[in-house]
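Encoded as structure tokens, the structure appears first; notes follow it.
The values are calculated or read from the model by the stated rules, or taken from the named source; none is laboratory data. Since this is a predicted model, take the numbers as computed values, not measurements. Heads up, the Cβs are rebuilt from the backbone with ideal geometry, glycines too, and the neighbour counts pull from every protein chain shown.
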Amino acid sequence: MADLVQSAGAYAQAAAAAVGCYAATFQAYASSNPYAFSALVVAAVLGAMSIGTLIVPWLITFVTYWPQDLKRKYNAQWAIVTGGSSGIGLSLCRKLAEQGLNIVVAAVPDDLLRKAGEELRAAFPHIQVRVVGVNLAASNHNDYLEPIAEATADIPVQVVFSNAGYVVTGFFGYTPLAKWIANLHCNETASIAIAHLFVSRMLKAGLRGCIVFTSSPANIIPSPFSTLYGATKSAITHFASSLACEVKGEGIDVSVLHPSPVATRFYNDAHKLPTLQMFKSTAIGPDAVAETAIRGVGRNVIIDQGYYPITFKLLMRIIEFTLMVDIMARISTSVKDYQFLKQETLKAAAAAEQAAKAPAAVADDVGSAAPASATKRRRNSSATGKRA
Ligand SMILES: NC(=O)c1ccc[n+]([C@@H]2O[C@H](COP(=O)([O-])OP(=O)(O)OC[C@H]3O[C@@H](n4cnc5c(N)ncnc54)[C@H](OP(=O)(O)O)[C@@H]3O)[C@@H](O)[C@H]2O)c1
């Protein structure tokens, strides 16, 4: 014990000597180079502020996100969840139903939507469930907005989760334009149109409520090989941030969720790009993400879930965007994703050529290098955006 105290004392003495030595060096440096020293101090303060304003709110969020009941918070009866037929959306539906909210589920009119409606009705017999089959990738927003407006004309919807979305992967120039435009409409245009419908209704009726968008950490850094994804998510994060400032005073809370990878059907139709596979390997279940979203409503405009958004934001604090994009553009052809996609594109082109030679073959998506399993999303690629 005495030895321990003695060596602790020795360490303390050495540490004090080192601190004294550094202080003396700083003092000498400060008096010999006052301008350089001031610049160093300013840089240190700015650095600390930059990192602190990133980490402190995240830490506060981390420890203060206690559960909240949105039905009670807004004195609400009805919620709508787009993309509520699977993944994060279905988890949101279940959690909102647990709070006693009646639910409108809007998604592609398919078996998943029918099953989601049946599951919610069976699990929560005390609430009402309405199901609206719509293609949010339609190029004319009235194609989905009118059915949604009609299905909700007689009910006050005060809790809105605009969550539907998907990723299209592939080289931009080798993938049909209609696929990109459909992705743009589903991820971005539809969110704007749906927000407009319910915000204007709430304002007109003087109701309080919330609108929550599902964006992605992909909005923070460039997303080559899925060019529209990051672009649409950036637009949604920016749109939500602006809208939040405009309607908060009217009693409407706007939030935008940035989920880290989630184990859902999201990855099913994407190319097996090494980066996406890495994201997928770290994915967590959708229930935890839905829970974070609900806890964040009205507390934060931007709800960063998990480690990805904070890591990307930290990275952007360290490397300025302008420089990062230059570096990424220069090294892009040597990254694994590029090489993988190039191989896939060549394979798809060869298959398309083969199919063109065979008279009975029908080659839709020629040269798009779409993964074989991408039949589902292909229905979003028609020029009209309507389902096949
Ligand atoms: N999973 C992730 O790692 C991750 C990470 C960050 C952000 N996100 C975002 O989270 C949101 C939900 O995705 P998820 O992970 O839960 O994937 P998901 O399981 O594929 O759910 C997507 C939902 O959107 C619906 N949807 C897709 N295209 C549609 C269309 N054209 N019209 C109407 N509904 C459509 C889907 O319906 P169908 O299934 O019937 O097509 C489904 O209900 C998306 O906005 C996604 O961008 C996901």
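Observations
- Subset of region 270-281 that is within 16 Å of residue 216 (Cβ to Cβ) and either more than 8 Å from the ligand (Cβ to nearest atom) or over 17 Å from the mean Cα position of the chain (by Cα) (or both) - its residue that is surrounded by the fewest Cβ atoms within 10 Å (Cβ to Cβ): 278
- Selected residue (only one of 344, 320, 291 is at pLDDT 95 or above and not small (Gly, Ala, Ser)): 291
- The residues of region 85-96 that are more than 6 Å from the ligand (Cβ to nearest atom) and closer than 23 Å to residue 144 by Cβ, listed by number, are 90, 91, 92, 93, 96.
- Pairs where the first residue, in region 155-173, is under 16 Å from residue 211 (Cα atoms) and among the aliphatic types (A, V, I, L, M) and the second is assigned to a helix (DSSP H, G or I) and near the ligand (Cβ under 10 Å from one of its atoms), C-beta under 7 Å, 6+ apart: 164/89; 164/186; 164/190
- Test: residue in region 140-163 that is more than 16 Å from the ligand (Cβ to nearest atom), closer than 28 Å to residue 263 by Cα and either part of a loop (DSSP other than H, G, I, E, B) or of a type in the set (A, V, I, L, M, F, W, C) (or both): yes
- Of all residues in region 219-237, those satisfying the criterion of being more than 20 Å from residue 342 (Cβ to Cβ) and out of contact with any strand residue (DSSP E or B) (no Cβ under 9 Å at 6 or more places or on another chain) are 221, 230, 231, 232, 234, 235.
- Pairs, first of a type in the set (S, T, N, Q) in region 284-296, second within 11 Å of the ligand (Cβ to nearest atom), C-beta under 6 Å, six or more apart: 292/305
- Residue match in region 171-179 (condition: within 14 Å of the ligand (Cβ to nearest atom), of a type in the set (A, V, I, L, M, F, W, C) and surrounded by fewer than 20 Cβ atoms within 10 Å (Cβ to Cβ)): yes
- Applying the set (1) surrounded by 20 or more Cβ atoms within 10 Å (Cβ to Cβ); (2) under 20 Å from residue 57 (Cβ atoms) to residue 306 leaves exactly one unmet item: (1).
- Close pairs (9 angstrom Cβ cut-off, 6 or more residues apart or separate chains): over 12 Å from residue 164 (Cα atoms) in region 188-207, surrounded by fewer than 19 Cβ atoms within 10 Å (Cβ to Cβ) and basic (Lys, Arg) anywhere: 202/208; 207/201
- Yes/no for residue 80 being within 20 Å of residue 210 (Cβ to Cβ) and β-branched (Val, Ile, Thr): yes
- Condition met for residue 108 (out of contact with any helix residue (DSSP H, G or I) (no Cβ under 6 Å at 6 or more places or on another chain), under 26 Å from residue 285 (Cβ atoms) and either crowded, with 17+ Cβ neighbours inside 10 Å or among the hydroxyl-bearing types (Ser, Thr, Tyr) (or both)): yes
- Flag: residue 317 matches the condition of being part of a helix (DSSP H, G or I), closer than 30 Å to residue 60 by Cα and touching a residue at least 12 places away in the same chain (Cβ under 8 Å).
- Meets criteria (in a helix (DSSP H, G or I) and buried (at least 18 other Cβ atoms within 10 Å of the Cβ)) for residue 232: yes
- Residues in region 192-229 that are assigned to a helix (DSSP H, G or I) and within 9 Å of the ligand (Cβ to nearest atom): 217, 218, 229.
- Residue check, residue 194 closer than 16 Å to residue 300 by Cα, of a type outside the set (Ser, Thr, Tyr) and surrounded by 23 or more Cβ atoms within 10 Å (Cβ to Cβ): no
- Pair list, Cβ < 6 Å and 6+ apart or interchain, from region 114-125 residues that are closer than 13 Å to residue 95 by Cα and away from the ligand (no atom under 15 Å from the Cβ) to residues that are among the small types (Gly, Ala, Ser) and in a helix (DSSP H, G or I): 124/97
- Restricting region 246-269 to residues that are assigned to a strand (DSSP E or B) and within 9 Å of the ligand (Cβ to nearest atom), the residue that is farthest from the chain's Cα centre (by Cα) is 262.
- Note on region 58-83: residues that are within 13 Å of the ligand (Cβ to nearest atom) and closer than 23 Å to residue 205 by Cβ amount to 3.
- Within region 131-151, the residues that satisfy the criterion of being closer than 15 Å to residue 79 by Cα and buried (at least 20 other Cβ atoms within 10 Å of the Cβ) are 131, 132, 148.
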